[in-house]
Amino acid sequence: MLLAGDIGGTNTRLWLLSPTGKVVKRWNEKTSDFESLEEALATLLPKDAAVTAACFGVAGPVASGRCTATNFPWRVDEKRIARSLGAKVLIVNDLVALAWGTTTAKQVTSIAKRPAKKGATVAVIAAGTGLGEAALIWHHDSYIPLATEGGHADFAPRSALEAEVLAFFQERLSGRVSVERVLSGEGIGGLYDFFAMGKRAPKPFATATDRNVAIVESALEGSNRAAVSAVELFVSLYGAEAGNLALRTMASGGVWVCGSIAIALARLIQSRTFYEAFTSKGRFEPMLRAVPLALCADANVGLRGAASCALALTRR
């Protein structure tokens, strides 16, 4: 059997697959319900599941097969997991798994359809609990994923309003503000608080199971002006950061916008607001307007990438 995992700050999602890669069982659990990946596997996997190869995409930097997760208190060790499963195991950054998955992704919508350039770099960006960024680099006859921690670069305002947003987040965080602090689920909540300053927040936001989801839903309904303003700015900032990633990686092969927030805001991600922020890069605007841009609404794209990796492990 094969095992694929997408391990994030909110959810731990697993697929158990047949040796040919067919999914036979799925799990979607709260990451906070477990103290470690080992505990999650011991709790969820059937006792008779003979796993031969596994790949886990984990939301955090991976070095020498080890990862200290960024937004949840897990330390994942490739060798330790391999011993516990009795299998070949690979730990990768979650955006590396996601980048692999885009090569077989479903539910893809073009935002800017441009001629594909064979062998050109492709960039992937995904906002959710955190902000992930990665690239696919063409080498000989296939892509190699490049992990980054670009989501933790400095947040840079483009306008007087965004300078006020930066100052607001600096005060809230007592210092430095990374892009992820603004472009994430918590970032949506922070932007709402910025626009709602001096106003009483609606009760549903205070009592909602997930406040940030409630803000997005209210914005899409148009029922709360502060929520609408927060989400509109979020979409513009998201487009701008996607364009920054395209510049940093020379992603003439295209940019994929993925992740739970992109799926929730699909209509707005496909809007002029997102695209104009993506392309508004001064002298490099013509280059950005030539870049293919697509929204991936496939919630399983990271698991697809991890599954492909696990299958490849069996051939080594």
So TRP256 clears everything in (1) surrounded by fewer than 17 Cβ atoms within 10 Å (Cβ to Cβ); (2) at pLDDT 95 or above; (3) within 14 Å of the chain's Cα centre (by Cα) except one condition, right? Which one? (1)
Scan segment 263-275 and give yes if some residue there is touching a strand residue (DSSP E or B) at 6+ places or on another chain (Cβ under 9 Å), within 16 Å of VAL96 (Cα to Cα) and crowded, with 24+ Cβ neighbours inside 10 Å, otherwise no. no
Which residue, of SER223, SER236, is of a type outside the set (Asp, Glu) and modelled with pLDDT under 95? SER223
Please state which one of ALA99, ALA116, ALA112 is closer than 30 Å to PRO286 by Cα, surrounded by 14 or more Cβ atoms within 10 Å (Cβ to Cβ) and in the same structural domain as GLY253 (by TED's automatic domain parsing). ALA112
Does GLY239 satisfy being assigned to a helix (DSSP H, G or I), touching a residue at least 60 places away in the same chain (Cβ under 8 Å) and in contact with an Asp or Glu (Cβ under 8 Å, 6 or more places away or on another chain)? no
State whether the residues of segment 178-189 include one that is without any contact (Cβ under 8 Å) to a residue 60 or more places away in the chain, in a loop (DSSP other than H, G, I, E, B), surrounded by fewer than 21 Cβ atoms within 10 Å (Cβ to Cβ) and not hydrophobic (A, V, I, L, M, F, W, C). no
Hand me the list of helices (runs of 4 or more DSSP H) wholly inside segment 243-301 holding 1 or more residues that are under 18 Å from VAL231 (Cβ atoms), among the polar types (S, T, N, Q) and touching a residue at least 24 places away in the same chain (Cβ under 8 Å). 260-264, 272-279
Of the residues ARG181, ARG200, ARG176, only one is at pLDDT 95 or above and over 21 Å from THR10 (Cα atoms); which? ARG176
Could you figure out which of (1) among the basic types (Lys, Arg); (2) under 22 Å from THR314 (Cα atoms); (3) without any contact (Cβ under 8 Å) to a residue 24 or more places away in the chain isn't true of ARG13? (3)
Across segment 51-79, the tally of residues that are under 16 Å from ARG26 (Cα atoms) and more than 24 Å from the chain's Cα centre (by Cα) stands at 1
Here is a check on your reading of the model: is THR20 closer than 17 Å to ALA306 by Cβ and in a loop (DSSP other than H, G, I, E, B)? yes
When you scan segment 3-19, do you find a residue that is of a type in the set (D, E, K, R), in contact with a helix residue (DSSP H, G or I) (Cβ under 9 Å, 6 or more places away or on another chain) and more than 24 Å from TRP100 (Cα to Cα), even just one? no
How many residues of segment 36-87 are within 12 Å of GLY5 (Cβ to Cβ), touching a Phe, Trp or Tyr at 6+ places or on another chain (Cβ under 7 Å) and surrounded by fewer than 20 Cβ atoms within 10 Å (Cβ to Cβ)? The answer is 1
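The values are calculated or read from the model by the stated rules, or taken from the named source; none is laboratory data. Model, not experiment: these values are computed from the prediction. Here Cβ is always computed from backbone atoms with ideal geometry, including for glycine, and neighbour counts include all displayed protein chains.
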